[in-house]
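The values are calculated or read from the model by the stated rules, or taken from the named source; none is laboratory data. Bear in mind the structure is a predicted one, so any value in this text is a computation, not a measurement. Heads up, the Cβs are rebuilt from the backbone with ideal geometry, glycines too, and the neighbour counts pull from every protein chain shown. In case anyone asks, the SASA skips ligands and DNA or RNA and just uses the protein heavy atoms, side chains included. Shrake-Rupley method; radii C 1.70, N 1.55, O 1.52, S 1.80 Å.
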Amino acid sequence: MSFQSPLITAIVFGISLAFILGTIAHRLKVPPLVGYLLAGVIVGPFTPGLVVDQRLTLQLAEIGVILLMFGVGLHFSLKELISVRRIVVPGTILQVLVSSLLGTGAAWFFGWPLFGCIIFGLCLSVASTVVVLRTLQDHRALDTEYGRLAVGWLVVQDLLTVIALVLLPALSGIFGSGAPQSLNFGVYGSALALTLGKLVLFVAVMLLIGRRVIPAILHYIAHTGSRELFRLAVLSVALGVALAAAELFGVSIALGAFFAGMILSESPLSQRAAEETLPLRDAFAVLFFVSVGMLFNPNVLLDEPWRLVLTFLLVLAGNGALTILICRRFGGSLANAVFVGVVLAQIGEFSFILVDLGVGLKALPPDARDLILGASLLSIMINPAIFYAARSWRRRSEPASKPVSAVLEPEAIEPTHLTDHAVLVGYGRVGRLVATGLQSAEIPFLVLEEAGDARENLRSTGVELIVGNAAQDAILDAANLAAARMIFVAIPEAFEAGQIVQGARKRNPQLRIVARAHFDAEVEHLLQLGADIVIMGEREIAQAMLAEARSFQDSTLETQSGV
């Protein structure tokens, strides 16, 4: 079936089918990303029926990678990246080397040429950035010690992949059809020097120029008061830096976007920038998983079952078990090592790029692409189950009385001991003003906030903080709403606010619930779900202005009557 608008078709059918299958997966207690992957298989070229333009979907998926990495950079400072260098730099290099050797040995067993074996080994050694970050975000683990280690591991893997992508075409002339031929150190050395020089230049430009220019641009736009212009400015920075990194410096778009976010993370506007990119980031990240499913040929399950199983096991061993051992060897705790190994136990977008390069250089047969895609699909689908097993192991291995350490157990949230208190959901611009008022009135309260930077802002104030999304049952339970006096829902997202209001009312029918809204429809929505008072900012501003007008008129009449 052909359509006149392939771009719109790819977006509509990709997102719609992902929504349907993701909802079904959620109902079956399976991670929604499994539904997204199956949606891609259904609209892919290897299954009958509707076929969506694969090339367009892959390009749309790259936007998701850019926005996702930009968002991670907003919550990841250069100081945090440097703090984990002692483990991630030597650890990642050793992991990629050993994993590549394991994959090379498997490909040699398949009977492929040596150069192709090397490329195949590299494909099995690098994890999917999108999958790792999505896992860390879903479990609120980006700000944990193992979250920082995992992100640092990804950054080093990304740098190594960039170097490999530049050097492999040069090496193809050395290896020829299979056996090594004359070694041209001039070509090899110049290619390596040029790649490293571009990487150093990019980092220098971002630290010396981008560190001043990017925050300055966003601060200027923020002072215009236009939310639309600010949103466009954030998107322009994320997409523009990523494109410039790829086209001008030969750096991957993911790494470019990460650096752009990391540079902006030092600005007070970082939280607002993260909020503005969140809806697009989630939508395009879904398209990434759809695009992965589209690339998968189900026939490989019948044609090459044993090769696929071996490739899949090598991914788990090389990216998972091996990472655990190496992380421990370089000083990481057992819990950190286990969780880092678990989130890295899969392969994704960089593996697809490498295998496509190998097939294009005629170093790998087309079957290699199917094996890589099949192993990627299987490893991504099984990754949530492995993470759950690791979480269960940690829960069993640690006494309940042991304090929460740097490796934060996502589900083991410490409940508050406050009673007759207020709960403040959101610590943005509105939430900070509410918190100041509650402190002035000496009302005991705690804050529920998903953004990790709130921890730094609240640390000096002594206010209790529970980090997490208040729409989740575990977070609301930890806030002890049954014994609370009132709750302020100060977040701007009406959908999540509705879930919080509904959950709060369910836990305490007598609770006083105050929420905020932007539109009349949102006011009605929140009132129907159980809010006592919904304050719409625009309406309150108008009433304050009218009150000022009435006050001015009254004072004028008094003056005239006195005369």
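Rounded to the nearest 500, what is the chain's calculated 222 nm mean residue ellipticity when only DSSP H runs of at least 4 contribute -39500 (n - 2.57) each, over all residues?
-22500 deg cm²/dmol
How large is the accessible surface per residue of segment 432-528, computed with a 1.4 Å probe and reported in Å² as a whole number? Provide the component values of the computation, followed by the final result.
On the way: 4750 Å² over 97 residues.
Spelled out: the 1.4 Å probe surface of segment 432-528, per residue, equals 49 Å².
In whole angstrom, how far apart do the alpha carbon centroids of segment 310-384 and segment 22-73 sit?
Answer, in whole Å: 19.
Using Cα-Cα distances under 8 Å and only pairs 6 or more residues apart, what relative contact order does the chain have, in percent? It would help to have the intermediate numbers written out before the result.
Working: 876 pairs, mean separation 94.6, N = 563.
It rounds to 17 percent for the chain.
Just how much of M294 is accessible, in Å², when a 1.4 Å probe is used and the result is rounded to the nearest 10?
Its heavy atoms expose roughly 0 Å² to the probe.
Compute the Cα gyration tensor for segment 458-563, then decide on rounded, prolate or oblate, letting a ≥ b ≥ c be the square roots of its eigenvalues: rounded whenever a/c is under 1.5, prolate when a/b is larger than b/c in the other cases, and oblate in all that remain. Display every interim value, and only then the final one.
Numbers: a/c = 2.99, a/b = 2.23, b/c = 1.34.
Since a/c reaches 1.5 and a/b is larger than b/c, the shape of segment 458-563 is classed as prolate.
Want the number for V89 to L167: 0.36 nm per residue separation, take away the alpha-carbon distance, what's left?
Computed gain between V89 and L167 is 26.1 nm.
Taking the chain as the reference, fit the longest principal axis to its C-alpha atoms, fit the long axis of helix 185-205 to the helix C-alpha atoms, and give the angle between the two in degrees, 0 to 90, nearest 10.
Roughly 0 degrees, rounded to the nearest 10.
So how exposed is S83, as accessible area in Å² (1.4 Å probe, rounded to 10)?
Approximately 80 Å² for this residue.
What residue among W306, N508, L557 has its Cα farthest toward the positive end of the dipole of the chain, where the charges are +1 on Lys, Arg and -1 on Asp, Glu, each on the Cβ?
With unit charges placed on the Cβ atoms, the residue in question is W306.
Please report, as a whole percent, how much of the solvent-accessible surface of the chain comes from carbon and sulfur atoms (probe radius 1.4 Å).
64
Any idea of the accessible area per residue across segment 190-243, 1.4 Å probe, to the nearest Å²?
Result: 58 Å² per residue.
If R211, R86, R307, R281 are ordered by their accessible area, calculated over protein heavy atoms with a 1.4 Å probe, which sequence runs from highest to lowest?
Per-residue accessible area, sorted high to low, gives R86, R211, R307, R281.
Can you find, among A474, A547, G360, the residue sitting farthest towards the positive end of the charge dipole of the chain, where Lys and Arg contribute +1 and Asp and Glu -1 at Cβ?
Positive-most Cα among the choices belongs to G360.
May I ask what percent, to the nearest 5, of DSSP beta bridges between residues of the chain are antiparallel?
Roughly 0 percent of the beta bridges in the chain run antiparallel, per DSSP.
Can you sort L546, L154 by 1.4 Å-probe accessible area, starting with the largest?
Highest to lowest solvent-accessible surface, that is L546, L154.
State in Å² the accessible area per residue of segment 1-144; use a 1.4 Å probe, count heavy atoms of protein chains only, and round to the nearest integer.
Heavy-atom SASA per residue in segment 1-144 reads 45 Å².
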